[in-house]
Amino acid sequence: MADALSVRGVDCFYGETQVLYSLDLSLRQGEVHCLLGRNGAGKTTALKCIMGLVPARAGSIRLGDVELTRLPPHEVPRAGVAYVPQGRRLFAEMTVAENIEIGLMARHMGSDVREAVLDLFPVLRERLRQRSGTLSGGEQQQLAMARALCLEPRVLLLDEPTEGLMPSMIAKIRQSVATLRDRGVSTILVEQRVDAVLKVADRVSFIENGRVRETVEVDRLREDPDIVKRYVGVT
Amino acid sequence: MAFGPHLILATLEGLVTSAVLALMALGLSLVFGVMRVVNVAHGEFYMLGAVLAWAIASAFGGHPSIGFLAALVISPLIVGGVALVADRLVLKRLDYNPEATIVATIGLLYILQQVALTFYGPEARPVQAPFTYRVSLPWFGYSGYKLAVIGASILLLLATWFVLSRTRIGMIMRATQYDSETAQAFGIPVGRVYTGVFAVGAMLAAVAAVLIVPISQAHYLMGRDPLLLSFIVVIIGGLGSLRGTVVAALLIGVSDGIISVFFSPTLAKIIATFVVAMVLVFRPQGLFGTAAR
């Protein structure tokens, strides 16, 4: 089966500073693919580069037949890639309903999609008129995911969705990721928590100094924890 | 005139100033709020609106209201077009860099000013008010046109509030204002939003100018003072806040009217500048602005 998303030889810069060096990554249909690495390794930049928010200076990023590097950034979500940024980045002054509406607008989705997303995160249904900046951390994370799912994406990019959340909420987010996988959504997950990765991922790529050093099936990590130690420093 | 009626007259004059100032400052506030561009040329869009109003009103014969109404429609459209071209040719190419766009809009200020001087000349020219009806109050008669200016400004401010808070385009503008990168990640074409906002900001200044030009006169240097007052209003009210802009415009306009009548216009400007300094020290985000995160 063809990959859902394929990243080949991507170079990416912040100003004149190179951050990604010939990055290679493949995302299979319906898999959860985790990116692990130390702080500053280039995980978040890899996601931003796929979204076109930081332009790729070389290489190719393909979503099926669509070459994403040729699209302006606002066309990437319309092609079917949704992004949940680190720190949620909600439109904090806008209501929950407005944040969801922004998600629906990108691909002209209707109320059926809105209802399906609210069914996945029912707590948001009770908060529709509340300013999103006043939600709890867990509710904000659910809204960030709901807003992205309003695009009915083929590929979902999640940047540290469990950061700063209490254990019960982490379990909820992890369950949502598993549900989406069951529905055929392919996910790239940037995560710091190795235990969370082992529970939800199918494959893991280790990023070091802007390069993918190794990609392994998650079962291999369970058998050989030293791989994680080598790239991340902890297990 | 007794003190009471004198105060009412000063307040009415202040309200007219507030009405025009609110429209102009709203344009400046929108441009900064959404684009993070400090548009130093905003006063020249105001001047251009007034100069074009004179040209358009002069071109139409018949009753003054015909020329005025034509100016009220055509002048903001032309000014909006000029702003759109300036955005595409200059600001977009600078990638909306905050520092570079300050310098660029200073350049735009001089270009527009000198174009007006070349083609319009150094004279101050009046545009006839669309009607000359006077409202009889118990103490004095007052220009019906000036009251209409206040009414028109209120209508336009309400329309702007409605668009920003109740329509899809307003939601797109607010999303871009809060976080342009995330807005792009949700399919919002931020570049086009910027161009539209810059044009709308200039059009608001032009509308303010067309409304004021039957009261003052069109002149190629008329953009300077309103620009300064607009910055004062926007700083006090909070950048990007419609409510703050209206409240600050009322505060500055009415106090300017009253202090100018009872003391001197210079004292009014001194106090306004002092208030700005205090706001910058004690509440830099303005009365209704949100602190930067």
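The values are calculated or read from the model by the stated rules, or taken from the named source; none is laboratory data. Fair warning: this is a prediction, and the values are worked out from it, not measured in the lab. Here Cβ is always computed from backbone atoms with ideal geometry, including for glycine, and neighbour counts include all displayed protein chains. We work out accessible area using only protein heavy atoms, side chains counted, and drop any ligands, DNA or RNA first. Shrake-Rupley method; radii C 1.70, N 1.55, O 1.52, S 1.80 Å.
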Exercise for the section: Only residues that are open to solvent by 20 Å² or more (accessible area, probe 1.4 Å), within 14 Å of another protein chain (Cβ to nearest Cβ) and under 16 Å from residue A:89 (Cβ atoms): list them for the range A:144-178, please. Expected result: none
Handout entry: Out of B:254, B:210, B:261, sole residue that is modelled with pLDDT of 90 or more, surrounded by fewer than 23 Cβ atoms within 10 Å (Cβ to Cβ) and not in a loop (DSSP other than H, G, I, E, B)
Key = B:254
Practice task
Answer yes if at least one residue in the range A:26-33 is charged (D, E, K, R), more than 14 Å from chain B (Cβ to nearest Cβ), touching a residue at least 60 places away in the same chain (Cβ under 8 Å) and not in a strand (DSSP E or B), and no otherwise.
Solution key: yes
Problem - Any hit, the range B:119-126, residues being in contact with a helix residue (DSSP H, G or I) (Cβ under 6 Å, 6 or more places away or on another chain), away from chain A (no Cβ under 14 Å) and surrounded by 19 or more Cβ atoms within 10 Å (Cβ to Cβ) - result: yes
Problem - residue A:126 being part of a helix (DSSP H, G or I), without any contact (Cβ under 8 Å) to a residue 40 or more places away in the chain and touching a Ser or Thr at 6+ places or on another chain (Cβ under 9 Å) - result: no
Fill in the blank from the handout: Those residues of the range A:102-115 that are facing chain B (nearest Cβ under 8 Å) and either in contact (Cβ under 8 Å) with a residue 40 or more places away in the chain or in contact with a strand residue (DSSP E or B) (Cβ under 8 Å, 6 or more places away or on another chain) (or both) come to a total of 4
Fill in the blank from the handout: Within the range A:40-74, restricting to residues that are in contact with a strand residue (DSSP E or B) (Cβ under 9 Å, 6 or more places away or on another chain) and closer than 12 Å to residue B:185 by Cα, the one that is farthest from the other protein chains (Cβ to nearest Cβ) is A:49
Problem - Only listed residue being part of a helix (DSSP H, G or I), in contact with a helix residue (DSSP H, G or I) (Cβ under 6 Å, 6 or more places away or on another chain) and at pLDDT below 90, chosen from B:33, B:27 - result: B:33
Exercise for the section: Give the range A:182-211 a look and list any residue that's open to solvent by less than 40 Å² (accessible area, probe 1.4 Å) and part of a strand (DSSP E or B), or say none. Expected result: A:186, A:187, A:188, A:189, A:190, A:203, A:204, A:205, A:206, A:207
Exercise for the section: Take the residues in the range A:9-23 that are touching a Lys or Arg at 6+ places or on another chain (Cβ under 8 Å) and not aliphatic (A, V, I, L, M), then tell me which one is farthest from residue A:60 (Cα to Cα). Expected result: A:13
